[in-house]
Amino acid sequence: MILVGDPNVHNSDWLGGLFNSIWSAKVPPKVSIAAWRFIMNYVPTFSNLSMRRISISHQCLLCSDATETNVHLISDCVFVKSVCAGLGITLPFRSTEQDWLFWLSLLFKGIIKSQQRTLVVIYWAIWQTRNQKLHENRTKNPVEVIQFVSSYLHELDGLDNISHQPSAQSPSQWQPPAPNSFKVNFDASYDKATATSVSGGLVRDADGLIMAAFSCPNRFVRDPEAAEAIACFQAISFAKDAGFRRIVAEGDSLVVCSKINRQEQDLSRISPIIFSIKEKAKGFESITFVHVRRELNRAAHALARFGKSFSSTQIWLEEAPPVVEEAALIDRWWVNPPD
């Protein structure tokens, strides 16, 4: 049990410990920064907005039981307590007389590192959930937030394992496929304002020659990660329909490629697309999914950007738009450099 009393230590000691726990958590910077802003009250809660004389409801959007302040959302909200409990963290009682930052510092001090990371992600997810309800009228229950946080942490663990696995030196240039196989490079351009994307993909042989290429516009795309996953699915579907049965599919999204290669079931928000990719992959004699750096995916990147000029799917056979041909030519130079 965590006992919270009066802070009999210097402020900088326990406050520094709290901040160190937040900044040392193994999460992306956007998560730790958002959690820190949330904790430090640098966010537009209804209470903060009312202090600026902005006319708005004061009621907490998540529980409807109290005025929305960052302190309420962090320590008292029953919605947040349910999420924390569902992820193995019990929030201790906090009296109104207690310094709430001291209370929070003892909470972080009393849990192990993995729970500290979970709590940082929870606070980031809670503020996201609150904003989605306010701005998009999207309502989530505690179970859905628990599932999101669990999936996100699982995804971070997977990426961390990949980054620590010993591997061969990353290639410094585009690599052609083996003879009798074909390489399918894919990429996506994403427009957040319109929730649209354009997929681009091209098939090349062992000499680096373009066999086929396509671009395809998509609507109602949630985020860049979904755009990349859609591009992968459309690229291998295009290759299969064009008769290519032995392929290497390359993209520059590490998240998407790692999800496809992972054996266990994906539980993230793009899981339906990942499942569709894996099902489509069963129709090939041979297929491998590989992550490459952006500069080694230049031709597909150029194609995804070029495709923004069209409102419908475009297909090229044994050729591609000039900007794509130029990018592919750079790749071919490394395959067959001039004497």
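Taken over the stretch 203-219, residues that are of a type in the set (A, V, I, L, M, F, W, C) and in contact with a Ser or Thr (Cβ under 8 Å, 6 or more places away or on another chain) amount to 3. Residue pairs, Cβ under 9 Å, 6 or more apart or interchain, first in the stretch 216-233 and part of a helix (DSSP H, G or I), second basic (Lys, Arg). List them. Once the first residue is part of a helix (DSSP H, G or I) and sits in the stretch 216-233, its partners that are basic (Lys, Arg) give Pro224/Lys192; Glu225/Arg269; Ala226/Arg269; Ala229/Lys259; Phe233/Lys280.
Tell me which helices (runs of 4 or more DSSP H) are completely within the stretch 26-131 and hold 1 or more residues being more than 25 Å from the chain's Cα centre (by Cα) and of a type in the set (Phe, Trp, Tyr), or say none if there are none.
46-51, 100-109
Remark: pairs (first residue in the stretch 135-152, touching a residue at least 12 places away in the same chain (Cβ under 8 Å); second residue surrounded by fewer than 16 Cβ atoms within 10 Å (Cβ to Cβ); Cβ separation under 6 Å; 6+ apart in sequence or on different chains) = Ser151/Leu267. Would you call Glu279 without any contact (Cβ under 8 Å) to a residue 60 or more places away in the chain, under 18 Å from Ser189 (Cβ atoms) and part of a helix (DSSP H, G or I)? Answer is no for this residue.
With respect to Pro177, is the statement that it is out of contact with any Gly (no Cβ under 9 Å at 6 or more places or on another chain) and outside the structural domain of Val323 (by TED's automatic domain parsing) true?
Values: out of contact with any Gly (no Cβ under 9 Å at 6 or more places or on another chain): yes; outside the structural domain of Val323 (by TED's automatic domain parsing): yes.
Yes; evaluated as a whole, the condition is true for this residue.
When Ala229, Ala300, Ala242 are checked against the criterion of being under 17 Å from Leu202 (Cβ atoms), outside the structural domain of Val149 (by TED's automatic domain parsing) and surrounded by 22 or more Cβ atoms within 10 Å (Cβ to Cβ), Ala300 stands alone in meeting it.
Evaluate the following for Phe310: is it in contact with a Lys or Arg (Cβ under 6 Å, 6 or more places away or on another chain) and surrounded by fewer than 17 Cβ atoms within 10 Å (Cβ to Cβ)? No: the conditions fail for Phe310. Remark: pairs (first residue in the stretch 190-205, more than 11 Å from Val221 (Cα to Cα) and modelled with pLDDT under 95; second residue of a type in the set (Lys, Arg) and surrounded by 15 or more Cβ atoms within 10 Å (Cβ to Cβ); Cβ separation under 9 Å; 6+ apart in sequence or on different chains) = Asp205/Lys183. Please determine whether any residue of the stretch 120-135 is modelled with pLDDT of 90 or more and basic (Lys, Arg). No, because not a single residue in the stretch 120-135 is modelled with pLDDT of 90 or more and basic (Lys, Arg). Can you find a residue that is under 19 Å from Lys140 (Cα atoms), at pLDDT 85 or above, touching a Pro at 6+ places or on another chain (Cβ under 7 Å) and not charged (D, E, K, R) anywhere in the stretch 63-76? Checked against the condition, which is being under 19 Å from Lys140 (Cα atoms), at pLDDT 85 or above, touching a Pro at 6+ places or on another chain (Cβ under 7 Å) and not charged (D, E, K, R), the stretch 63-76 yields no hits at all.
The values are calculated or read from the model by the stated rules, or taken from the named source; none is laboratory data. Please read these numbers as outputs of a predicted model, since none were measured by experiment. Using ideal geometry, Cβ is built from the backbone for each residue, glycine included, and neighbour counts are taken over all protein chains shown.
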